[in-house]
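Note sheet for the following structure.
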Amino acid sequence: MDNRQDNNIVVELALLLALATLWGASYTFLKIAVATIPPVTLIAGRTLIAGLLLVVIMRWRGIKLPADAANWRRFLFQACLNSVIPWTMVAWGARTLDAGMATILNSTAPIFTFFLTLAITRHEAVTSRKLLGVIAGMAGICLIVGVQALSGLGEELTAQVVMVLAAICYAGAAILGRGFKDLDPIVPAAGSLLCGAAILIPVSLVLERPWTLQPSASSMLALLGLAVFSTALAFVIYFRLIQTLGSVGTTAQAYLRVPIGVAVGVVFLGEQPSSTAWIGLACVVIGVAAMTIPARKASRQAA
């Protein structure tokens, strides 16, 4: 029994790492794509391509989208919290904030998930261990990015608030995502993305007139990478993890994005992180473990 649980948690943590990598890569895709594609049009294309791709996969697997209005209302609400609103906020805020500050503020979703769970939903056990994970993870983020990233705190206040609001949206979406347990993970992923596209496409047509754009080949390739890998594939993994690790555990991937970015810099760019960055990496690992790996004693008692 214990071996089976151990194998399951290894699989789920591997998927958590994959999700963090896919969403961590999205910042690179966004930076390349937004050079010649305006933000709303970019996000509209991202959600539409990803949603249609998932529908094709669903048909191949013999899975149908639900026809009832109740599920589609849930998909619409999920789309607003998990893509339409936060992605637009992140795109807007990132134009003003430096990367260090944006990373810190956009990695606070687990904290808000923890406190929303504590104050409102109480759908998961809120333990001192998870609180320790929240604190360790945020300390790690600050150490990795560097104290100098906090020097601008208080300036550009509007953009900072917007990035925090986006993190709160992610936290709410993670909690709401638990309501899809009766569906295959690909169904809410596809449904919410299609709803997001339905909202964003008209806004794009009115505000940015995409037919007048001349996007570069690199921007189009980045858009495809963003849609296929960092959206379609990532959303399927995301909704599965919501069901297995829970909302607090799943949002822990926000912490993992930063060490993954550091590792990419070391391997491909020859960057040398400071000693505090390596300490930060250890804090992040401790924090994620505290929020995701079940307590061994509790598991044995239950067995």
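The values are calculated or read from the model by the stated rules, or taken from the named source; none is laboratory data. Given the structure is predicted, the values throughout are model-derived calculations rather than measurements. Virtual Cβ from ideal backbone geometry, glycine too; neighbours counted across all protein chains shown. For the accessible areas, the whole protein counts, side chains as well, though only heavy atoms, and no ligand, DNA or RNA atoms are used. Shrake-Rupley method; radii C 1.70, N 1.55, O 1.52, S 1.80 Å.
Some points to look at:
- A Förster distance of 35 Å, applied to the separation of the beta-carbon atoms of T158 and L17, puts the FRET efficiency at 0.55.
- Figure note: W87, W60 ranked by solvent-accessible area, largest first, 1.4 Å probe, ligands and nucleic acids not counted: W60, W87.
- Karplus-derived 3J(HN,Hα), 6.51/-1.76/1.60, for each residue of region 37-49, Hz, glycine and proline x: 10, x, x, 5, 4, 4, 5, 4, x, 4, 6, 5, 4
- By a 1.4 Å probe calculation restricted to protein chains, D184 has an accessible surface near 50 Å², given to the nearest 10.
- Per-residue surface analysis assigns I32 an accessible area of about 70 Å², computed on protein heavy atoms at 1.4 Å probe radius.
- Solvent exposure ordering (accessible area, 1.4 Å, most first) of Y255, Y170: Y170, Y255
- Of the residues R257, R61, the one with the largest accessible area comes first in the ranking R61, R257, computed with a 1.4 Å probe on protein heavy atoms.
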